[in-house]
């Protein structure tokens, strides 16, 4: 219900502002859509450190080497498709291409989750401009769902609504029938095999 409410509120905001399509390109040879991808998703006074992404586990989870230690980092504020879920491999591969080989990122550690992963905000340095918040980038490109139940990220609903309107990433076949990872994990094997057939990224 939270995911549905977030989508509805974002869609209404999208219509109200007249935003019908978004073309975001960030990375090598691309320009940033600055109004939707902020330098930081949330205000923080926590220290920031440089690290290198050595492995993309899935679209929202990475192994990052920082200060001589490798951390399993979970990006807060978003939820990407599971690897065995429709669009899971595509989302992870898209993030892997974006981060490249051993790309340097800016890391702000915020704690540890129940699985022992380091919760951390990640920013991507961009040549000639400010670093960009990776969580916002994932949402706008349709590589992950927005997950911000406490409304901590300004503009998060607008980011997801833009991705839905442009049918980007996991929204390619529309919003109807799109399942969050939490819903996907509740499916049995038979239902998983029937879900998402015919829609490809």
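Can you report the number of residues in segment 72-83 which are within 20 Å of residue 100 (Cβ to Cβ) and surrounded by fewer than 19 Cβ atoms within 10 Å (Cβ to Cβ)?
1
Quickly run through segment 172-185 and pick out the residues that are at pLDDT 75 or above and either in a loop (DSSP other than H, G, I, E, B) or surrounded by 20 or more Cβ atoms within 10 Å (Cβ to Cβ) (or both).
Matches in segment 172-185: 172, 173, 174, 175, 176, 178, 179, 180.
Going through segment 169-189 one residue at a time, which ones are touching a helix residue (DSSP H, G or I) at 6+ places or on another chain (Cβ under 6 Å) and on the phi < 0 side of the Ramachandran plot? Working first, answer last.
At the first step, the residues of segment 169-189 found to be touching a helix residue (DSSP H, G or I) at 6+ places or on another chain (Cβ under 6 Å) are 169, 171, 175, 180.
Once the filter is applied, which keeps residues that are touching a helix residue (DSSP H, G or I) at 6+ places or on another chain (Cβ under 6 Å) and on the phi < 0 side of the Ramachandran plot, segment 169-189 yields 171, 175, 180.
Would you check which residues across segment 119-130 are under 21 Å from residue 158 (Cβ atoms) and either modelled with pLDDT of 90 or more or assigned to a loop (DSSP other than H, G, I, E, B) (or both) and list them?
Passing the criteria: 121, 122, 123, 124.
The values are calculated or read from the model by the stated rules, or taken from the named source; none is laboratory data. Quantities reported herein were computed from a predicted structural model and do not represent experimental measurements. For neighbour counting, all protein chains shown are included, and Cβ atoms are generated from backbone atoms with ideal geometry for every residue, glycine included.
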